[in-house]
């Protein structure tokens, strides 16, 4: 097992199909161009002239590069970071060179010197943006490592582990077969939690993790814990951040089921609607037990990780309605295929 | 020595079963009888009052009434039983030990550890009332009145009213509270 202290997220290219990533690229390239124009002009009239001159040659290149990266993102994802980065540089330079003849139409001289000039700027600009995404990745690293730590701690939390072990002990004499099954679930759960889980995983795997966890809780809570799974078709292959649902299910048990004497239902609804994945989780709401801690930390962490993986395209909302606590998550539907 | 009358209060059935097994393991060294078991504090109080239990093994985190509040209500009985907390949470343990609670066992419990606790209880150790306040100062959720082997519990709510005159306290509550 890797050390928990090894915090940094592995460098990876951003997802070029993500709306947030695309807008960040467009915005930052244009800001760079404006700064460049500002640096090279001495008066306001000259600035406007420079801006339109740069925009004329820059925007077509930028547009084509973004489209090419969008189309080739699945190929780029398979490459190692360094190779992927080189491929992106190659795309930018190739597009710049390919569109260079059109610059003569806009009044450029079309000479070798000007081509070298364009390629040089394209390289610098791409480097700056790659650096920006690298830094952004770094900034989000703590969220990921904290998630792993939290996940580990959550499982090793006395409340869950000791209660479960106690329940297993109660089975050993009377129902050894069931005790075996429970210990198998427990070790599978720990194994999943302890692997280095920073990349997206199939929702099917996350769901089986949740089932193992719920099997163990069922052992101690019995009839009090009821789970209503409503899973739509074609959701198992969807890619989600690891430990997306499990902490939410655990919270639902802790805050929704344990404080009640009467049986409570946890509803899990997951479906695909066109190119979006919708997840909804609901549990009974006990006003009296809101002093129980831990819910907000898990939510904030999941929100941060969703933002890291899907930027503005994912959201997490909570609400209390009709005595039930509901969490809704939407994110892009992606598969590894 | 007459067998010690023991009551188990835990909201989780496997946890109660486990305690029954462990008690069975201790029976030779410390004779006792199971006076009853309950899945929550409200039921537990009735059983303890009716059976005149001498020892209660009680979980702390339970729905409706916590183990700590349960122990507080026990103190109004003429002969309150010895309370042994049995819980997976160890965050109350320090306070409990500091104030000499009869005993505080963490799940999973070893039979030998349970035996030690039962012996302490059999020797007449009792939990002082003040101890409970210091472990969990949360407000109680029930009023309790004990008389002739029965305990009456009234849920604390804004619809209740209490008046006090001539040395009597009258509590008025709504049916269903």
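The values are calculated or read from the model by the stated rules, or taken from the named source; none is laboratory data. Note that the structure is a prediction, hence the values are computed from the model and not measured. Don't worry about glycine lacking a Cβ; one is built from the backbone with ideal geometry, like all the others, and counts go over all protein chains shown.
Taking region B:72-93 as the range and being under 23 Å from residue B:115 (Cα atoms) and more than 11 Å from every other protein chain (Cβ to nearest Cβ) as the test, the residues that pass are B:74, B:79, B:80, B:81, B:82, B:83, B:84, B:85, B:92. The single residue among A:151, A:116, A:128 that is within 33 Å of the chain's Cα centre (by Cα) and at pLDDT 85 or above turns out to be A:128.
What tally of residues in region A:309-329 results from selecting those that are part of a helix (DSSP H, G or I) and surrounded by 14 or more Cβ atoms within 10 Å (Cβ to Cβ)?
Initially, region A:309-329 is screened for residues part of a helix (DSSP H, G or I), giving A:309-313.
Subsequent filtering for residues that are surrounded by 14 or more Cβ atoms within 10 Å (Cβ to Cβ) retains A:309-311, A:313.
Result for region A:309-329: 4.
Counting just the residues of region A:221-265 that are within 14 Å of chain B (Cβ to nearest Cβ) and in a loop (DSSP other than H, G, I, E, B), which one comes out surrounded by the fewest Cβ atoms within 10 Å (Cβ to Cβ)? Looking at the filtered set, the residue picked out is A:262.
Out of A:161, A:214, I need the residue that is in contact with a strand residue (DSSP E or B) (Cβ under 9 Å, 6 or more places away or on another chain) and either under 26 Å from residue A:305 (Cα atoms) or not assigned by TED's automatic domain parsing to the domain that holds residue A:307 (or both). Which one? Spell out how you get there, then give the answer.
On the way: A:161 fails: in contact with a strand residue (DSSP E or B) (Cβ under 9 Å, 6 or more places away or on another chain).
A:214 is the lone residue from the list that is in contact with a strand residue (DSSP E or B) (Cβ under 9 Å, 6 or more places away or on another chain) and either under 26 Å from residue A:305 (Cα atoms) or not assigned by TED's automatic domain parsing to the domain that holds residue A:307 (or both).
Inside region A:162-190, residues that are more than 7 Å from chain B (Cβ to nearest Cβ) and part of a loop (DSSP other than H, G, I, E, B) make up a count of 2.
Kindly check whether there is at least one residue in region B:53-60 that is surrounded by fewer than 21 Cβ atoms within 10 Å (Cβ to Cβ) and either free of Cβ contacts under 8 Å to residues at least 60 places away in the same chain or not in a strand (DSSP E or B) (or both). Quick ask: steps written out before the conclusion?
Quick first cut of region B:53-60, residues surrounded by fewer than 21 Cβ atoms within 10 Å (Cβ to Cβ) only: none.
The answer is no, given that none of the residues of region B:53-60 is surrounded by fewer than 21 Cβ atoms within 10 Å (Cβ to Cβ) and either free of Cβ contacts under 8 Å to residues at least 60 places away in the same chain or not in a strand (DSSP E or B) (or both).
When region B:7-26 is filtered for residues that are touching a strand residue (DSSP E or B) at 6+ places or on another chain (Cβ under 6 Å) and touching a residue at least 60 places away in the same chain (Cβ under 8 Å), the ones remaining, listed by number, are B:7, B:9, B:19. Criterion first (within 23 Å of residue B:153 (Cβ to Cβ), within 14 Å of another protein chain (Cβ to nearest Cβ) and either in contact with a strand residue (DSSP E or B) (Cβ under 6 Å, 6 or more places away or on another chain) or in a loop (DSSP other than H, G, I, E, B) (or both)) does residue B:69 satisfy it? So residue B:69 fails the test. For region A:236-247, the condition holds for at least one residue, the condition being that it is in contact (Cβ under 8 Å) with a residue 60 or more places away in the chain and at positive phi. Restricting region A:154-197 to residues that are within 28 Å of residue B:111 (Cα to Cα), out of contact with any helix residue (DSSP H, G or I) (no Cβ under 9 Å at 6 or more places or on another chain) and at pLDDT below 75, the residue that is surrounded by the fewest Cβ atoms within 10 Å (Cβ to Cβ) is A:158. Is it true that some residue in region A:208-215 is more than 24 Å from the chain's Cα centre (by Cα), within 14 Å of chain B (Cβ to nearest Cβ) and modelled with pLDDT under 95? Taking every residue of region A:208-215 in turn, at least one turns out to be more than 24 Å from the chain's Cα centre (by Cα), within 14 Å of chain B (Cβ to nearest Cβ) and modelled with pLDDT under 95.
For region B:2-21, the set of residues classified as surrounded by fewer than 23 Cβ atoms within 10 Å (Cβ to Cβ), outside any loop (DSSP other than H, G, I, E, B) and either modelled with pLDDT under 95 or facing another protein chain (nearest Cβ under 8 Å) (or both) consists of B:4, B:5, B:13, B:14, B:17, B:21, listed by residue number. Within region A:281-295, identify whether any single residue is within 29 Å of residue A:195 (Cβ to Cβ), away from chain B (no Cβ under 14 Å) and in contact (Cβ under 8 Å) with a residue 60 or more places away in the chain, and answer yes or no. Taking every residue of region A:281-295 in turn, none turns out to be within 29 Å of residue A:195 (Cβ to Cβ), away from chain B (no Cβ under 14 Å) and in contact (Cβ under 8 Å) with a residue 60 or more places away in the chain. Return yes when residue A:268 is buried (at least 16 other Cβ atoms within 10 Å of the Cβ) and in contact with a helix residue (DSSP H, G or I) (Cβ under 7 Å, 6 or more places away or on another chain) and no when it is not. So residue A:268 fails the test.
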